[in-house]
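Have a look at the structure below before the remarks.
The values are calculated or read from the model by the stated rules, or taken from the named source; none is laboratory data. As the structure is a prediction and not an experimental result, all values here were calculated from the model. Please note: Cβ atoms are built from the backbone with ideal geometry, for glycine as well, and neighbour counts cover all protein chains shown. Areas reflect the complete protein model, heavy atoms only, side chains present, ligands, DNA and RNA absent. Shrake-Rupley method; radii C 1.70, N 1.55, O 1.52, S 1.80 Å.
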Amino acid sequence: MSLHVDVGAPRRGSHSKPRPAAGRGPGPADKRPRGRFSRFDLKYSPYFYIAPFFLLFAVFGAYPLGYTLWVSLHDWDLLGDEQAFVGLANYRALMADSDFWNSVVNTLGIFVISTVPQLLLALWLANLLNRQLRARTLFRMGVLIPNITSTAAVAIVFSQLFSREFGLINWTLDLVGLDAIDWKANRLASWVAISTMVDWRWTGYNALIFLAAMQAIPRDLYESAAIDGARPIRQFWSITVPLLRPTIIFAVIISTIGGLQLFTEPRLFNSGPNPIRGGPLRESQTMTMYMFENAFAPNYNFGYGSAVAWMLFALIVVIALVNVVIIRRLGNSARGGQ
């Protein structure tokens, strides 16, 4: 009698687990974290990854903001030895300060004249660059040239363009029979000149932000609209603008922060013995310029300047919230009308 044993077949009653086939990875059970350290890593490691940002923000953002609020409650003279606590006296003095309200009006005026055309031009320029154009990459890179140009060089050029006696703008006005404008001594004219400088610098930057968002819109939407007979202008207002609403809100908030903190352009645009005043009668002095005038030379009243900084912070928050609400309501009304 011969005994035949099949060595390849598992024996009955054997409790040994079959080996995984060659080339296969570990099973689902092998992927589970083992040990206390693995559970700690999964639970707390994300907080360690984002901690550097919050630490840097606490040191360079939150602490200076809180310290500025504390200083605004004192009569803080940078040249003095004692800083007396005065409570809200600096804020009460601001409410009765005509120069402060003049700077608020100048800031809001320049902000409106510069920001609204800037965002509209950026949206139109982004839509143009999103089309099939020759040398499209060159044009996209070219819109950033004003942004990387030195602010001092831009201010010098525009100061010459808007010069009263030999400026190119007044020369052009003279050709069409209009009188020359004193761009630095006239309040509204100085707003327009500074806003032109700001728009020239930042329109291309915002256009690239809008362009990046436009390229994320599926092309199928435009093809379907074209089949339905929608013209390009209709596609722009019915497809592009509604889908760009989050990006538009972001651009509006960034432009609001930058527009209300305007300092370099009006400071360099005005020349003379005391340019921080924004003209002989403070025609273009912004809130940041008024803050600098009080906090540093010639007044050195750091407490009063800190109060101006906090009023500017409150104004930025209010204007940004108002802009967001307006954009959302316009977007909802546009969707409701379709």
- Message: Here's a check for you: in the stretch 202-246, which residue that is farther than 20 Å from Ile327 by Cα and basic (Lys, Arg) is most open to solvent (accessible area, probe 1.4 Å)?
- Response: Arg231
- Task: Taking only the stretch 247-277 into account, find how many residues are under 19 Å from Trp101 (Cβ atoms), open to solvent by less than 20 Å² (accessible area, probe 1.4 Å) and not aliphatic (A, V, I, L, M).
- Result: 2
- Item | Failed item, numbered, when Asn127 is tested on (1) farther than 20 Å from Val241 by Cβ; (2) open to solvent by less than 60 Å² (accessible area, probe 1.4 Å); (3) out of contact with any Lys or Arg (no Cβ under 8 Å at 6 or more places or on another chain) | (1)
- Message: Could you check the stretch 288-304 and list, in sequence order, the residues that are modelled with pLDDT of 85 or more and open to solvent by less than 60 Å² (accessible area, probe 1.4 Å)?
- Response: Thr288, Met289, Tyr290, Met291, Glu293, Asn294, Ala295, Asn301, Phe302, Gly303, Tyr304
- Task: Looking for whichever is of a type outside the set (Asp, Glu), under 25 Å from Gly259 (Cα atoms) and touching a Leu at 6+ places or on another chain (Cβ under 8 Å) here; the options are Val104, Val86. Which one fits?
- Result: Val104
- Item | Residues located in the stretch 110-124, provided they are in contact (Cβ under 8 Å) with a residue 60 or more places away in the chain and open to solvent by 60 Å² or more (accessible area, probe 1.4 Å) | Leu121
- Task: Can you work out which of the residues in the stretch 68-96 that are out of contact with any helix residue (DSSP H, G or I) (no Cβ under 9 Å at 6 or more places or on another chain) and of a type outside the set (A, V, I, L, M) is modelled with the lowest pLDDT?
- Result: Gly80
- Item | Qualifying residue in the stretch 278-287 (condition: outside any loop (DSSP other than H, G, I, E, B) and open to solvent by 10 Å² or more (accessible area, probe 1.4 Å)) | no
